[in-house]
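Chemist: Sending over a structure as structure tokens; questions will come in a sec.
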Amino acid sequence: MVGKIVRNQKLNDKYYLLEIKCEEFVREAKVGQFIMINTRHQDYTNDPLLRRPLGVANIEGDKFSLVYMIVGKGTRLLSECQKDTEISFSAPLGSTFTLLRKKRTALLAGGIGIAPVYWLAKTLKEAGCVVDLYYGGRTMDDVVLLEELKETTDHLVVTTDDGSAGIKGLVTDPFGENVNSYDQIYACGPKGMLRAVSEIAMGADVPVEVSLDERMACGLGACLGCIIYVKEGDETLQKRCCVEGPVFDGSKVVWDTVCK
Ligand SMILES: Cc1cc2nc3c(=O)[nH]c(=O)nc-3n(C[C@H](O)[C@H](O)[C@H](O)COP(=O)(O)OP(=O)(O)OC[C@H]3O[C@@H](n4cnc5c(N)ncnc54)[C@H](O)[C@@H]3O)c2cc1C
Ligand code: FES
């Protein structure tokens, strides 16, 4: 697919918000899915060769948004893309979050894990759910879009490792105190955090879905570079994170194979 950049806004030194116009994509995309984006904006080069996976952070009208963090060459090149540039991507890809109506939900985001959680929060709110968001980052620079998130949640709890924004400490601490009050839990963020969230949820017997940011090369199920292991009954099965995921039942993921 090809879309046109409407804005590529710097949120702070690490994070950007990229808004792309593409009618075809917004018709097809579902909450939790991702795209593989071509970060080359100069046609005469083929570096970086591989497209980069990014979660869909919001859809409004004929536009969709991505929130991305500068990590390496691909995301740096993306940050240089100008308004009105045409950008190509493979999409929509991967599995989706289970959507519920009128339930009490807890959403957890760690750092850039906020991207798919933002759209999920908005969708659940529109479906009449109570949406409590626990959002943790290392420092105040790692928690973005707080004003927007206040509007799409009933209760927003921010934590940072150094206390520079919100409560000092881990995002799992305030969540753990309230876990019994929810019907469903969703999370996206670092693998250690997703494992901890899943274990807390399982201890309270609350269903939990996690979105895993495995390293991906093709994003299309062909290279088998994104395999994780999942329990199904007595069996342990291989799953491709890009096709059967990125959203998985957190109680079934074999975390030792993910958190290496
Ligand atoms: C399903 C999914 C959704 C994602 N959503 C977002 C998002 O919404 N916002 C965001 O900022 N980041 C997201 N990521 C992580 C993002 O893809 C990487 O940060 C990005 O690919 C880094 O590319 P780079 O060229 O800047 O860095 P480089 O370090 O140069 O990347 C080199 C290679 O490693 C891969 N890679 C590096 N880090 C990661 C990572 N954490 N996860 C997966 N692949 C990685 C790249 O795709 C590339 O093939 C997501 C990852 C996955 C799998
Ligand atoms: S990234 Fe190639 S199979 Fe998943």
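Chemist: In degrees, nearest 10, range 0 to 90: what is the angle between the Cα axis of helix 191-203 and the longest Cα principal axis of the chain?
Modeler: 30
Chemist: Another one. Assuming 0.36 nm per residue, please report the length gained on full extension of the stretch residue 243 to residue 28 beyond their Cα-Cα distance.
Modeler: The span from residue 243 to residue 28 would gain 75.8 nm if fully extended.
Chemist: Treating only the Cβ atoms of Lys and Arg (+1) and Asp and Glu (-1) as charged, compute the dipole magnitude of the stretch 1-121 about its Cα centre; round to the nearest 20 debye.
Modeler: So the dipole magnitude of the stretch 1-121 works out to roughly 580 debye.
Chemist: Next question, about the same structure. Of 34, 233, 74, which is farthest on the positive side of the dipole of the chain, counting Cα position, with +1 on Lys and Arg Cβ, -1 on Asp and Glu Cβ, and the Cα centre as origin?
Modeler: 74
Chemist: Sticking with this structure for a sec: In Å², and per residue, what accessible area does the chain have when probed at 1.4 Å with the other protein chains present?
Modeler: Accessible area per residue, the chain: 47 Å².
Chemist: Pop out the Kirkwood hydrodynamic radius of the chain from its pairwise C-alpha distances, inverse of mean 1/r, in Å to one decimal.
Modeler: That comes to 18.6 Å for the chain.
Chemist: With axes computed from alpha carbons, what is the tilt in degrees of helix 114-126 against the longest principal axis of the chain, rounded to the nearest 10 within 0 to 90?
Modeler: Taking Cα atoms only, the helix is inclined about 70 degrees.
Chemist: Please list the non-local residues whose amide H lies under 5 Å from the amide H of residue 223, H modeled 1.01 Å from N, same-chain partners needing a gap of 5 or more.
Modeler: 218
Chemist: Let me ask something else. To the nearest 0.05, what FRET efficiency results for residue 46 and residue 177 with a Förster distance of 45 Å applied to their C-beta separation?
Modeler: Approximately 0.35, to the nearest 0.05.
Chemist: Could you tell me the extents of the stretch 2-93's C-alpha atoms along the three principal axes, largest first, rounded to whole Å?
Modeler: So the three principal-axis extents are 31, 29, 24 Å.
Chemist: Using R₀ = 22 Å, calculate the FRET efficiency as 1/(1 + (r/R₀)^6) where r is the Cβ-Cβ separation of residue 99 and residue 151; round to 0.05.
Modeler: Once the sixth-power term is evaluated, E becomes 0.70.
Chemist: What is the packing order of peptides 188-196, 46-54, taking the mean over residues of other C-beta atoms within 10 Å and listing the highest first?
Modeler: Going from most to least packed, we get 188-196, 46-54.
The values are calculated or read from the model by the stated rules, or taken from the named source; none is laboratory data. Quantities reported herein were computed from a predicted structural model and do not represent experimental measurements. Every residue, glycine as well, gets a Cβ built from its backbone with ideal geometry; the counts of neighbours run over all protein chains shown. The area values use the complete protein model at the heavy-atom level, side chains included, leaving out ligands, DNA and RNA. Shrake-Rupley method; radii C 1.70, N 1.55, O 1.52, S 1.80 Å.
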